[in-house]
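K.L.:
Just passing along the structure, written as structure tokens.
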Amino acid sequence: MQLTRFTDLGLRTMMLLAAGDAADRRITTRTIAVGADASEHHIAKAVARLADLGMVNARRGRVGGLSLTEAGRTVSLGWLVRRLEGDAEVIDCDGGATPCPLIAGCRLRRVLAEAKEAFYRELDNHTLQDLTGGGLLPVVTLPLERITR
């Protein structure tokens, strides 16, 4: 199973915020975008979703920035990935111009759904703190000119 780029960016955002909290640094969507090599627009969409989920506080303005909420610090990765990924099936048996001719007797759909749930159950055993070790991640600091472009 491959996670969407949206989920990838959401997870990276959470990890960078955890590292920023530990270092008491102000983190912005621009900082995250540069660090994740993504557009600021894509990061802003991920941050908006994380804020809707209660994982992130976003403050605008000159002294603004992003920070994790208490729920964001302790969230299970399974819960978070489920919310970011949505409930789409691993494969789309009904999609396309022609549905799969094996759909009536095929067991693949059920097996893949069970595998997806096993994947999420494993992620349920881990939190953001597990990934960040409760301390600093080795975050690469980029030159100011790259951030301000």
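K.L.:
Show Val63, Val90 ordered by accessible area, largest first, where the area counts protein heavy atoms only and the probe is 1.4 Å. Walk me through the numbers on the way to the answer.
P.N.:
Numbers: Val63 100, Val90 70 Å².
Highest to lowest solvent-accessible surface, that is Val63, Val90.
K.L.:
Loop-only check: which trypsin sites (Lys or Arg not before Pro) in the stretch 78-114 are DSSP coil with at most 10 other Cβ within 10 angstrom? Let's see the in-between values first.
P.N.:
Numbers: sites: Arg82, Arg83, Arg107, Arg109, Arg110; in loops: Arg107.
Hits after loop and neighbour filter: Arg107.
K.L.:
When you take every Cα atom in the stretch 1-135, what is the radius of gyration, and what is Dmax, the widest Cα pair distance, in Å?
P.N.:
Here Rg and the maximum Cα pair distance are 17.7, 60 Å.
K.L.:
Take the alpha carbon atoms of the stretch 79-124, find their center, do the same for the stretch 25-71, and report the distance between the two centers in whole angstrom.
P.N.:
Computed from Cα coordinates, the inter-centre distance equals 30 Å.
K.L.:
Something else now. In terms of the Cα gyration tensor, with a ≥ b ≥ c the square roots of its eigenvalues, is the stretch 1-79 rounded because a/c is under 1.5, prolate because a/b exceeds b/c, or oblate?
P.N.:
Working: a/c = 1.57, a/b = 1.16, b/c = 1.35.
Taking the square roots of the gyration eigenvalues as a ≥ b ≥ c, the stretch 1-79 is oblate.
K.L.:
How much accessible area per residue does the stretch 1-115 have, counting only protein heavy atoms and a probe of 1.4 Å, in square angstrom?
P.N.:
Working: 6850 Å² over 115 residues.
Using a 1.4 Å probe on heavy atoms only, each residue of the stretch 1-115 averages 60 Å².
K.L.:
While we're looking at this one, here's another question. At 7 Å along the Cα-to-beta-carbon direction for both Val63 and Val111, put a label point, then send me their distance in nm to one decimal.
P.N.:
Between Val63 and Val111, the label points sit 5.9 nm apart.
K.L.:
Return the carbon/sulfur percentage of the accessible area of the stretch 1-88, one whole number, probe 1.4 Å, all protein chains in place. All intermediate terms of the calculation are to be shown ahead of the outcome.
P.N.:
Working: 2250 of 4670 Å².
Carbon and sulfur: 48 percent of the exposed surface of the stretch 1-88.
The values are calculated or read from the model by the stated rules, or taken from the named source; none is laboratory data. Just so we're clear, the structure is a prediction, and the values are computed from it rather than from any experiment. FYI the Cβ positions are ideal-geometry reconstructions off the backbone, even for glycines, and counts take in every protein chain you see. Quick note on the areas: whole protein, heavy atoms, side chains included, nothing else; ligands and nucleic acids left out. Shrake-Rupley method; radii C 1.70, N 1.55, O 1.52, S 1.80 Å.
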